[in-house]
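See below for the structure under consideration.
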Amino acid sequence: MPFFLLLAMQAAGMVVDYLGTKQQAEMSAMGAKLQQAGIEANIYQTRLETEEASLASMQKLRQNMGTMIATMAARGTKAGAGSALSLMTEGVGNFNADERVRRLNQMGREGQLRGNKAISALTERADNSKLWQGFSQRTINRFPSSVSGWQEYGKAAGQSFGMTNIGS
């Protein structure tokens, strides 16, 4: 086989390898974007769940306060004085404490999800780097790095460029 044909075949193989590596990197990037979009959706879901829990808790507080006011009115007790006031204040204080805990839990979950998002991005970049590093090593390893290597390369080119002859 002519030397130039074999050299052209090797160059074509390198181009195909480059295009394959590029396509793998693009697919990896799309997968990472999809994963990060899922993480963002989880963050919004966490916020929604926290808001829903706050709303339910506030409704429960209003029902309890309404029940207390109605009970006190039936007893003839003034709602804004004495033990009635302390019961209402305690209910509001409990709600506020629960709300703080809900917000802290929400921030903790969001922080964890954002950390997962950062890890996902770093993993995608590392995988991308490995892809291109492998491509460069495969490309560079095809050519010798010393004079004696180039001499062997020339001999191999005269002998079917590293391919076995049909008659052997």
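The values are calculated or read from the model by the stated rules, or taken from the named source; none is laboratory data. Since the structure is predicted, the reported quantities are computational estimates derived from the model, not experimental observations. Neighbour counts run over all protein chains shown; Cβ positions are idealised from the backbone, glycine included.
For the range 24-57, a tally of residues being surrounded by 13 or more Cβ atoms within 10 Å (Cβ to Cβ) and farther than 23 Å from residue 116 by Cα returns 3. The criterion of being loosely packed, with under 13 Cβ neighbours inside 10 Å, of a type outside the set (Phe, Trp, Tyr) and either outside any helix (DSSP H, G or I) or out of contact with any His (no Cβ under 7 Å at 6 or more places or on another chain) (or both) holds for residue 11. Inspect all residues belonging to the range 40-56 and state whether any of them is part of a helix (DSSP H, G or I), of a type in the set (D, E, K, R) and closer than 30 Å to residue 131 by Cβ. Yes, some residue in the range 40-56 is part of a helix (DSSP H, G or I), of a type in the set (D, E, K, R) and closer than 30 Å to residue 131 by Cβ.
From the list 1, 107, the one residue that fits, being out of contact with any strand residue (DSSP E or B) (no Cβ under 6 Å at 6 or more places or on another chain) and either modelled with pLDDT under 95 or surrounded by 13 or more Cβ atoms within 10 Å (Cβ to Cβ) (or both), is 1. Considering the range 138-168 alone, what residues qualify as being surrounded by fewer than 10 Cβ atoms within 10 Å (Cβ to Cβ), at pLDDT 70 or above and in a helix (DSSP H, G or I)? 140, 147, 148, listed by residue number. Looking at this structure, is residue 83 more than 30 Å from residue 140 (Cα to Cα), in contact with a Phe, Trp or Tyr (Cβ under 7 Å, 6 or more places away or on another chain) and either surrounded by 13 or more Cβ atoms within 10 Å (Cβ to Cβ) or free of Cβ contacts under 8 Å to residues at least 12 places away in the same chain (or both)? No, not satisfied. When you check residue 116 against the structure, is it of a type in the set (S, T, N, Q) and closer than 30 Å to residue 24 by Cβ, yes or no? Considered against the rule, which asks whether it is of a type in the set (S, T, N, Q) and closer than 30 Å to residue 24 by Cβ, residue 116 comes out as yes.
A single member of 22, 33, 78, 60 is more than 36 Å from the chain's Cα centre (by Cα) and either outside any helix (DSSP H, G or I) or within 29 Å of residue 122 (Cβ to Cβ) (or both), and it is 78.
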